[in-house]
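Following: one structure in structure tokens, then a few remarks.
FYI, it's all coordinate maths here, none of it is from the lab. What you see is a predicted model; the values in this text were computed from it and never measured. As a convention, Cβ positions derive from the backbone with ideal geometry for all residues, glycine included, and neighbour counts pool all protein chains shown.
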Amino acid sequence: MRRRSYWIVLLLAIATPLAAATPNCWVMRRHGQENESRVCFEQLTRNTDAGMRAEGFWGLEEWDSANEQFRIATRSPNGGAETKARWGMLLHERFNDKDASDLFREALAQDSTNVDAYLGLAIVSADNFNGKAMLYVNKALALAPNRAEVHELAARFALENDDRDLAATEADRALALESDALDAISVRAAIELISERQPDTWLTRLQSVNPHYGSGYAQIAHHLELHYRHDDAVAYYRKAIAAEPRLWSAHSDLGIGLMRLGQQEEAQKELELCYSNGYRDAATVNSLRLLDSYKNYVTIRDATTVLKLKKTESDLLHPYLQDELHRIIAAYNKKYAMRISGPVQVEVYPDHEDFAVRTMGMPGLGALGVTFGKVIAMDSPSARKPGDFNWGATLWHEMSHVYVLTATKNHVPRWFTEGLAVHEEGERSAEWSNRATPDVLIAIREKKLLPILKLDRGFVYPQYPSQVVVSYFQAGSICDFIKANWGEPKLLEMVHSYADLKTTQEAIKQNLGLTPEQFDEQYLDWIDKRYSPQASHFDEWREKLKLIAAAAQSQQWDIIINAGPAAIALYPEYISEGNVYGFLAECYREKNDVAAEIRTLAAYEHAGGQDPAMLKRLATLEEQSGSKSAAAETLTRVLYIYPVNDADLHRQLGDLLYEQKSYDKAVLEFGSAIASHPVDRAGTELRLAQAYLAGGHKDQAEESVLAALEIAPNYAPAQKLLLELHQSPNK
Amino acid sequence: MTRVRRSKRWRLLHRVCAILCLSAIQSRAATYYVIVAGLGGEADYEQRFTAAAKDLDKIFRTSEPTGQIYTLVQQQATSSRLKNTLSTIARSARPQDAFVLVLIGHGSFDGSVYKFNLLGPDVDAEEIAEMCNRIASQRQLIVDTSSASGGAIPALRYPGRAIVTATKSGTEKNATVFARYWVEALQDPSADTDKSDSISALEAFTYATKKTATFYESQKRLATEHAVFTDVIGGDPVREAGTGQGYLMSSFTLVRFGDLQQIANNPAKRELLQKKEDLEQKIDTLKYQKAAMDPADYKRQLTAMLLDLAQVQQELDK
């Protein structure tokens, strides 16, 4: 969050009217004249004006005194909008964005033309990727087109949106106004690096203005991070620290960057250094807490994977995760015709807040998983409400990033790697495929999908609340569209184009023979054909759903039976909370119509429904009606959704697999049931023993039957099995 | 003393209690059950409480055909009806008989007084205690599954009485789900964790608390109930057996589905039964020593004893 803001504080300090009265101090600092600037700031602390004193204390990093002086200043007759805007920037720098935003708003309430307040709001919004940053910058640009720092900020946001041309233009405008605009120079250097060109000219210029301007390198590192260049970002954070050893924000960013690369020891040192020097923002403190909590994790390695799991759930989860990773690696090695050098590390967090620490300062949903090079961090299924999360789909998604980022050496636009990852989920299972949520249908109906060349902006600075979700859908459906029209190999060819540093425009031309405009036209036509019936009937569907929900509440089952199938036909992809499948199934259950209930629940399952309770109900009905293999398949789906806190699920599936003579799989399930701490531990150990024995593993069978009898020495079936084992010829 | 050691010692005492329990069976003691479904307030709760009470009624009648079972639901669930029922039992129950009271519903606690909500006037913990204290049964179990039920514990404590409450204190005031899992425990053979063909109060408690915890975890809701029990006069209520708690609970059989009694009454098998009990005690002793033993030696000895026990059981089953 705060990582990108330190330089902005300096930058704004020089230009604001308040600071204009104290220009020398901040300018000196900006030009690397540290000793002179300190003397200047010390003098300011003795000024008769509280606002000036606040600037002095701020420059000396005496934060509490600066804060106090600003408080006094805002009470004085001179303490207008300008003072509040400066105070807001101080608070932002000291990690208090909420109060900072309030002060910026108060400043604007007093003076609606206060440029610094707009810039302050832009900075806070950008740090939170909330989509309003560009709006505020544009207001500032309109009010002060001749202030270099406004163009510098516009350049930064443009590059974060991967609009390199606009970023270069804005940086050049800033440099035309002030030839030593350091942040514009940094943006220019970052553009060169992201485009795989030499940044030397710009770096030399940066050094000539101020050789100790670490923030310039930190900005470059930040832009590299946003373009998936995590290794390079770490290198530039190191340069930032070398230039300015006391730049604690860069130490913190370096620590977090190292954590992302799995280099914990050095990360811990850097973060502790920040902490002990008073730099204790949320990212630093939470990252340190997370590092401390790693003592409660275990690491499980094999040739191609490293799993980092909380001790309390590693026994349960590691067999599933490891098996799935091996499956994914085999599939992607073949599909992408490449191999990842070295193992892929997957970290699984049962506490969502721990996972959130790993995604801080990253754009996009960041809600389920995140990939940094060959390190994947993701939520554990136990971190989420049952049905909210499919860890299998998340793993296929994130692993796709690992391959695409490796294949392109990180030179890939966000929309393409996210789109391909979403597409891969659907390739793994039709039930995990890209689904049009109500937000997506509304976006389609209201023609809000973005042109392909601007799609990245929907991820970084969304213009409406659901735009990130819509952008994921659009990116995924573009890859589906390419596969449908040109075939799956074209997607791999697109990967190769990006690896050759082609732009999206070039990649489309080269592989699909279309201009971006032609592509957009054909894609929108395709999506329209697929979704216009659902989009155009969306309101009708919603009315029917309301009717059905009300009928369910008053148990008017006939209304549901009449209206339900038609509602599903209008929008079969709707499987989230309050879906029609659920109401209809409940209705058939009440009416004891087992066949219809199975039919409804199976339709829900195939539409991608993920409510474990509904799927387990289906499995039970399937089992009772004799479709035991269908029941086993249904429960296997639940394993990908919520395999935790449910010993009964594993035991039931184990029983089904045992009956089908899938003894190894049954062993896995009974083992999982034990790892889930079942109430009936002895009974579960016995089942495990029986599965081992049936699979020909007598020694393990004896271990398990002894475990059962140790708990319950008089457990008759276990006694019988023990006697059998000891009477058998091999004993 | 380590936690493991306490646990092992408890198992030894548990064995002694089990033998005492067998004696109680032989004396043909009766068990009196009173099940009350309190005022629901809303149709949903009303239905849920009544269904749970009726399920328990059915479970106890099936498990113990000679049991004296009184179930008060809906209009019958009044303070006066409850008092009459308990007075009736107080007139007939003998010291060797067991007594079980299960309260299902809402409770309240004002900081000093716990009340169980009934149709008409509520009944407070002191009144419940006073009525139960008049019952001569020396083995009593009160299961209060209501909200705020932890607030009733101080008043309900009495020698020979185990108390189970759905909440750890009177301040846990949200409606509870514990009753649902308590009833489920008595129907689910997997609650019989020691495979003794019976479900004790302790096994039912363990099952219900685990299932309750899983319910809250899977709903991603903060748990608003933490069931506890106590079966001694002093000491805080606990969530698991140990530190002197749990002897009465583990020997208080609620549901039986085996033929223990028939075997105990067969003189021809008494020698085998004695051998079985000896082996069981040896196994318990060995388990008590496990932490200090070489794992291979422990396994060898345990296997030998378990094999002997299995063979004895095979003889008994003939």
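Report, largest value first, the span of the C-alpha coordinates of the stretch B:94-157 along each principal axis, in whole Å.
The Cα atoms of the stretch B:94-157 stretch 36, 21, 18 Å along their principal axes.
Modelling each spin label as a point 7 Å along the Cα-to-Cβ direction, I'd like the A:Ala549/A:Ser293 distance in nm, to one decimal.
3.3
For the stretch A:148-259, what does the alpha-carbon gyration tensor say about shape, rounded, prolate or oblate, given a ≥ b ≥ c as the root eigenvalues, a/c under 1.5 as rounded, and a/b over b/c as prolate?
Working: a/c = 1.78, a/b = 1.30, b/c = 1.38.
Taking the square roots of the gyration eigenvalues as a ≥ b ≥ c, the stretch A:148-259 is oblate.
Pairs A:Lys546/A:Lys628; A:Lys295/A:Lys385; B:Lys58/B:Lys269; B:Lys173/B:Lys210: which exceed 30 Å Cα-Cα?
On the way: A:Lys546/A:Lys628 36 Å; A:Lys295/A:Lys385 26 Å; B:Lys58/B:Lys269 33 Å; B:Lys173/B:Lys210 20 Å.
With Cα atoms farther than 30 Å apart: A:Lys546/A:Lys628; B:Lys58/B:Lys269.
Given R₀ = 35 Å, FRET efficiency for B:Lys58-A:Ala694 by Cβ-Cβ distance, to 0.05?
Values: r = 37 Å, r/R0 = 1.06.
Taking R0 as 35 Å, the efficiency between B:Lys58 and A:Ala694 is 0.40.
How much FRET efficiency would the formula 1/(1 + (r/R0)^6) give for A:Asn96 and A:Glu517, where r is the Cβ-Cβ distance and R0 is 56 Å, rounded to 0.05? Intermediate values should be presented prior to the final figure.
Values: r = 46 Å, r/R0 = 0.82.
Once rounded, the FRET efficiency stands at 0.75.
Where in chain B are the DSSP H helices whose C-alpha atoms run 24 Å or more along the long axis and whose mean Kyte hydropathy is at least 0.0? It would help to have the intermediate numbers written out before the result.
Working: long enough: B:3-26 (35 Å, 0.05); B:43-63 (30 Å, -0.80); B:201-218 (25 Å, -0.24); B:270-289 (29 Å, -1.52); B:295-317 (32 Å, -0.41).
For chain B, where a helix must reach 24 Å along its axis and average at least 0.0, the hits are B:3-26.
Just the C-alpha atoms of the stretch A:537-633: what Rg/Rh do they give, with Rh taken as the Kirkwood radius?
Numbers: Rg = 13.1 Å, Rh = 13.4 Å.
Reported Rg/Rh (Cα atoms, Kirkwood Rh): 0.97.
Give the separation of the Cα centroids, the stretch B:168-210 to the stretch A:236-315, in Å.
The distance from the Cα centre of the stretch B:168-210 to that of the stretch A:236-315 comes to 44 Å.
A:Ala242 versus A:Gln505, label points 7 Å from Cα toward the beta carbon: distance in nm?
Each label point lies 7 Å from its Cα, and together they span 3.6 nm.
Relative to the longest principal axis of chain A, what angle (0 to 90°, nearest 10) does the C-alpha long axis of helix A:698-711 take?
It works out to around 80 degrees.
Output the 0 to 90 degree angle, nearest 10, between the alpha-carbon long axis of helix A:282-293 and the longest principal axis computed from the alpha carbons of chain A.
Roughly 40 degrees, rounded to the nearest 10.
Taking the Cβ of each residue in B:Arg256, B:Arg270 as the centre, tally the other Cβ atoms inside 10 Å and list the residues starting with the fewest. Spell out each step's value before the answer.
Numbers: B:Arg256 16, B:Arg270 12.
Ranked by crowding around the Cβ, least crowded first: B:Arg270, B:Arg256.
Cut-off 19 Å, label point 7 angstrom out along Cα-to-Cβ of A:Arg280: give me the residues of the stretch A:61-77 whose amide nitrogen falls inside.
The answer is A:61-68.
Can you tell me the length gained on complete extension of the stretch A:Arg445 to A:Asp558, counting 0.36 nm per residue apart and subtracting the Cα distance?
Values: separation 113, 0.36 × 113 = 40.68 nm, distance 3.23 nm.
Gain on extension, A:Arg445 to A:Asp558, equals 37.4 nm.
Between rounded, prolate and oblate, where does the stretch B:189-318 land on the alpha carbon gyration tensor, with a ≥ b ≥ c its root eigenvalues, rounded for a/c under 1.5, else prolate if a/b exceeds b/c?
On the way: a/c = 2.08, a/b = 1.58, b/c = 1.31.
It is prolate, given that a/c is not under 1.5 and a/b is the larger ratio.
Using a basic spin-label model with each label point 7 Å from the Cα along Cα→Cβ, how many nm lie between A:Ser179 and A:Ser429?
In this crude label model, A:Ser179 to A:Ser429 measures out at 6.4 nm.
Quick one: go through the stretch A:550-567 and flag any residue whose amide nitrogen is under 11 Å from the point 7 Å out along the Cα-to-Cβ line of A:Asp593.
Zone members listed by number: A:557-565.
By how many degrees, 0 to 90 and rounded to 10, does the Cα axis of helix A:63-75 deviate from the longest principal axis of chain A?
Computed tilt is about 70 degrees.
Sort A:His677, A:His650, A:His401 by Cβ crowding within 10 Å, fewest neighbours at the top. Numbers along the way, then the final one.
Numbers: A:His677 14, A:His650 26, A:His401 22.
Least to most surrounded, the residues fall as A:His677, A:His401, A:His650.
Rounded to whole Å and sorted largest first, list the principal axis extents of the Cα atoms in the protein assembly as shown.
Here the Cα extents, ordered largest to smallest, are 108, 70, 67 Å.
What full-extension length gain, to one decimal in nm, is calculated for B:Asp308 and B:Asn174 as 0.36 nm per residue of separation minus the Cα-Cα distance?
Stretched fully, the B:Asp308-B:Asn174 segment lengthens by 43.2 nm.
Tell me the mean residue ellipticity at 222 nm calculated for chain A from its helices only (DSSP H runs of n ≥ 4, each -39500 (n - 2.57), averaged over every residue, nearest 500). Each step should come with its number before you reach the end.
Details: 40 runs with 505 residues, N = 731.
Only helices count here, giving -21500 deg cm²/dmol.
Apply 1/(1 + (r/R0)^6) to the Cβ-Cβ distance of A:Asn333 and A:Ser536, taking R0 = 45 Å, and write down the FRET efficiency to the nearest 0.05. Intermediate values should be presented prior to the final figure.
Working: r = 43 Å, r/R0 = 0.96.
About 0.55, to the nearest 0.05.
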